[in-house]
1. Excluding same-chain residues fewer than 8 positions from LYS85, which lysines have a Cα within less than 20 Å of its Cα?
2. Using the basic label-point model (7 angstrom from Cα toward the beta carbon), what is the TYR47 to ASN83 distance in nanometres?
3. Using a Gaussian network model of the chain whose springs link C-alpha atoms within less than 10 Å, name the residue from VAL23, VAL53, VAL77 with the highest mean-square fluctuation.
4. Would you mind checking region 46-72 for residues with the amide N under 20 Å from a putative spin-label position 7 Å along Cα→C-beta of TYR123?
5. Residues of region 89-119 with amide nitrogen under 17 Å from the 7 Å Cα-to-Cβ point of THR64?
6. In sequence order, what are the phi-derived ³J(HN,Hα) couplings for region 12-28 according to the Karplus relation 6.51 cos²θ - 1.76 cosθ + 1.60 with θ = phi - 60°, rounded to whole Hz, with x for glycine and proline?
7. Sticking to Cα atoms, compute the Rg of the chain to one decimal and its Dmax as the biggest Cα-Cα distance, whole number, in Å.
8. Going by how many other Cβ atoms sit within 10 Å of their own, how do PHE28, PHE80 line up, fewest first?
Amino acid sequence: MSPEFYGEPTTPAAIVVRSNEKVHGIEFFSPESYSQQLGLMTRPEGYTVPAHVHNLVERRIQHTQEVLLIRRGTCKVTLFNENLKVTHQINLSSGDVILLAHGGHEIQMTSECEILEVKQGPYAGENDKTHLELP
């Protein structure tokens, strides 16, 4: 298995890591240029990630990228391009993770769903997003 990439190969609009994805060691799936890095780590019992602290590094974030972890239930994610045309529809279920990196998106719950969302802050309120008027 490997992650599913949606959109352009060099700048995917979304990356999906299914609940049954397996890696040995650590593997990052997102391009290094993304402001959200998405990776998966498998380590044996007794392994220790060495103690560390992250350095202060000034970064410039131009747009929000979101990571959604489907903790319970199912949903359908629809991706839109800059012309508001549907490019992909992706069904997600418990344990799946998606990085929403570029373009627009809509999330429809197909069953009761619990989703953990991670994105950059600070939150800019209504300036943070534009609601789409779909045709």
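1. LYS76, LYS129
2. The modelled label-to-label distance comes out at 4.5 nm.
3. Per the Cα network of the chain with a 10 Å cutoff, VAL53 tops the list.
4. Backbone N within reach: 61-71.
5. Zone members listed by number: 98-108, 115-119.
6. Whole-Hz 3J(HN,Hα) from phi for region 12-28: x, 6, 8, 10, 10, 10, 6, 4, 9, 5, 10, 9, 10, x, 9, 9, 9.
7. 16.2, 55
8. Numbers: PHE28 13, PHE80 17.
By the 10 Å Cβ count, ascending, the order reads PHE28, PHE80.
Rule-based calculations on the coordinates, nothing more; no lab input. Computed from a prediction, not measured in an experiment: that's the story for all the values here. Please note: Cβ atoms are built from the backbone with ideal geometry, for glycine as well, and neighbour counts cover all protein chains shown.
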